[in-house]
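Quick note: the coordinates plus some simple rules give every number you see, no bench work behind them. Just so it is clear, the structure is predicted and the values come from calculations on it, not from any experiment. Here the Cβ is made from the backbone with ideal geometry for all residues, glycine too, and neighbour counts use every protein chain on show.
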Amino acid sequence: MRHPANNQGLRHGRQRGTSLVEVLVVLVILVLGIFSIARLFPGGFIAVRNAENSTFADRLGQGQLEGLKQNNAFLLDAV
C-alpha cells in the first residue's frame with residue numbers, strides 16, 4: 001500500500017536542492033564574465049602607461065622652461 005504523504009515528501013526534498021545542471025550553467029556564466037573582464041585589463045594598462053609617459057614628458061618640458069626662465073643668459077636677445 002502506498003502512502004501519498006510519503007511521495008510528496010520525496011518530491012519536496014528533491015526540489016529544495018540545486019541540480020548539477022544549474023550549478024554548471026552558473027559556473028559557465030561566471031567564467032565567461034571573468035574572461036570578458038580580464039580581456040579589458042591589457043588595454044587599461046596600456047592607457048595608464050601612456051598617461052604616465054605623457055605626464056613625465058610634460059613635467060620634464062615644464063622643468064626645462066623654468067630653467068631657461070631663471071637663467072636667461074642662454075636666450076637670444078631678439079627672436
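Observations, loosely collected:
- Alpha carbon convex hull of the stretch 12-73, volume per residue in cubic angstrom: 73
- Val23/Val48 FRET efficiency (R0 35 Å; Cβ-Cβ; nearest 0.05): 0.40
- Size of charge dipole - the stretch 12-73 - debye, nearest 20, with Cβ of Lys, Arg +1 and Asp, Glu -1, no other charges: 280
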